[in-house]
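Structure first, then comments.
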Amino acid sequence: MQTIATDLDIKDMARGAVFLGTGGGGDPYVGELYLRRQLVEGRSAQIIKADELPDDAFVISIAGVGAPTVIVEHLVSTRTLLRLLEMSEKYYGRKVDALISAEIGGANSMFPLALGARAGVPVIDGDGMGRAFPHLEMTTFSVYGCAASPCVLLDDSGNATYVHATTDRIAENMVRSVCASLGSMIYGAFYPMSGRQAKDLAVRDTISQTLEIGRRIRHARESQSDPVEDLLVLLNDPAAGRHARQLFMGRIVDVRHETRDGWHWGEVLINSGRGDEPEFSVEIQNEYLVARHRGRTVTVVPDLISVLDAESAEPLTAEMLSYGQRVRVIGYSAAPIMRRPEALRVFGPRMFGIEEDFRGIEELSTDSRL
C-alpha cells in the first residue's frame, strides 16, 4: 500500500494525469485542491496494487462526466461525492471495498483519490484506459466483459438517477443525455466489479505512472535539463511494448474550440516557423484524437498524444491551448491491452469517424527529431 501524503506528490500526480489525459479528462487542478484539503484535515489517499485486493471485494469507478470546458468551472463538493458513495452502496446492496478510476487522465484521476481519502476507501493503482476517452464504453472493463451499468448518476444540485442499459454504448447515450440536461456536468458510479475482475481487466499501475511522469518533469526543471528528453527516456520502453516520440515543436497559429452535445470539439494548428502555412495539426473530441504532420498521420487513437509547453514541459489540456503558445507534441503508445483487435473495435480510429485503420506510433512516426 502506498500513501499519498504530501502536496508535492499530489502536484506531481496531477501533472502526470494531464499528460496521460491526452488533452481531456478535465483540468485536475480542481480535484488537486480538494485532495490537498484532505491532507490539511489529516486524511490521505491510500493506493493499493490490484493484487492486494481479495477476489470477492466489491469495486466501483467514480468519475465526472461532461465537457472539460464545463468541469473547470466546478469545485468538488464533499457532500456530492459522499452522497454518491452512499447512494451507490445502497443501490448495489454492498459496501464498497475499493475505488478505481475509469480513466487515469485529468480530473477523473483525482476524483477517486479525493473521495477515497475523505471516506477512508483505498484506490486501486490502475484504471480502464491508461489515458482518457470521451465515451463511457471505451474502457478495458467494457471490452473484456464488465458492464458500465447499472450505474448511479448525481449532480451538485442533488438531482439523481439510475441507469441500467443492455449495452455500454446505450449506457453512454443515456448518461450523455442526462449530463446534457443537467448543465454538462455530473458525477457517476460505474462499472461495479469484483476484485478478480479489477485484477484481470485494469490497465495496471497507472496512478504510479502519473506520479513518476510528474516527478520526472519536475526533477528535469530543477536540474535545468531538458524535461521532454528525460520524459522520453522514462516512457520509451520497446521491450514492454511502449514507444514514445517527440512529434513536433512549434507555435500554435490557429485553434478552434466548441462545446457541443456535451463534448469539447476542436482542432489546433501548429507552425515550426520555417514557413507561413501550418505544418502540424491535432484534432480534438474532448481528447487529442489524431496528429498529422503535413497531412500525414503520425499518431492516432488509442495511442496517446500530449501537448506540452515548450519551455516548462507542463502538459496542457485541450481547453488550455491558445494562439501564440509554443508547444511540443509527444506521442506515446497505448498499453498493449488497448491495442488488441477486440479493443480497437471499440476505441480505434474508425469509432471516432477517422477513416483509417490503426497503426502504432512506432510504425507511423519513426523520426523523433520532427
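Which distance in nm do the two modelled labels at Asp237 and Arg350 give, with both placed 7 Å along the Cα-to-Cβ direction?
It is 3.2 nm.
Once the principal axes of the Cα atoms of the chain are found, what is the range along each, listed largest first in whole angstroms?
That gives 62, 44, 39 Å along the principal axes, largest extent first.
Separation between the Arg274 and Glu258 pseudo-spin-labels, each 7 Å from Cα along Cα→Cβ, expressed in nm?
Going from the Arg274 label point to the Glu258 one covers 3.2 nm.
How many angstrom lie between the Cα centre of the range 36-53 and the Cα centre of the range 266-340?
A separation of 33 Å, based on Cα centres.
Please list, or write none, the lysines whose alpha carbon is within less than 29 Å of the alpha carbon of Lys95, excluding same-chain residues fewer than 8 places away.
Filter leaves Lys49, Lys199.
By how many nm would the segment from Glu342 to Ser225 lengthen if fully extended, with 0.36 nm per residue of separation less the alpha-carbon distance?
Values: separation 117, 0.36 × 117 = 42.12 nm, distance 4.09 nm.
Stretched fully, the Glu342-Ser225 segment lengthens by 38.0 nm.
Take the alpha carbon atoms of the range 115-159, find their center, do the same for the range 191-222, and report the distance between the two centers in whole angstrom.
Using only Cα atoms, the two centres lie 14 Å from each other.
Modelled label-to-label distance, Glu86 and Asp357, 7 Å Cα→beta-carbon offset: nm?
5.4
What does the helix-only formula give at 222 nm for the chain: each DSSP H stretch with n ≥ 4 adding -39500 (n - 2.57), the total divided by the residues, and the result rounded to the nearest 500 deg cm²/dmol?
After summing the helix terms and dividing by residue count, I get -9000 deg cm²/dmol.
When only Cα pairs under 8 Å and 6 or more residues apart are kept, what is the percent relative contact order across the range 236-364?
26
With θ taken as phi - 60° and the coefficients 6.51, -1.76 and 1.60, list the Karplus ³J(HN,Hα) couplings across the range 26-33 in order, rounded to whole Hz; mark glycine and proline as x.
x, 5, x, 4, 5, x, 4, 4
What ranking, highest mean first, results for peptides 209-220, 39-50 when packing means the other Cβ atoms within 10 Å averaged over each residue?
Ranking, from highest mean packing down: 209-220, 39-50.
Label point 7 Å out from Ala5 along Cα-to-Cβ: which residues of the range 29-62 have amide N under 14 Å?
Inside the label zone: 39-40, 42-47.
For Cα pairs less than 8 Å apart in space and 6+ apart in sequence, what is the mean separation divided by the residue count of the chain, i.e. the relative contact order in percent?
Relative contact order comes out at 20 percent.
Which order do the peptides 110-118, 194-202 come out in when sorted by mean C-beta neighbours inside 10 angstrom, highest first?
Result, highest mean first: 110-118, 194-202.
Ordered by residue, what ³J(HN,Hα) values in Hz, to whole numbers, does the range 301-309 give under the Karplus form 6.51 cos²θ - 1.76 cosθ + 1.60, where θ = phi - 60° and Gly and Pro are x?
Ordered by residue, 3J(HN,Hα) equals 4, x, 4, 8, 10, 10, 10, 10, 4 Hz.
Applying the Karplus parametrisation 6.51 cos²θ - 1.76 cosθ + 1.60 with θ = phi - 60° to the phi angles of the range 196-209, what ³J(HN,Hα) value in whole Hz is obtained for each residue in order, glycine and proline being reported as x?
Going residue by residue, I get 4, 5, 4, 5, 7, 10, 6, 7, 7, 6, 7, 5, 4, 5 Hz, with x marking Gly and Pro.
Every number here is computed from the coordinates shown, using simple stated rules; none is lab data. All values derive from a computational prediction rather than experimental measurement. Cβ coordinates were reconstructed from backbone atoms using ideal geometry, including for glycine residues, and neighbour counts include every protein chain displayed.
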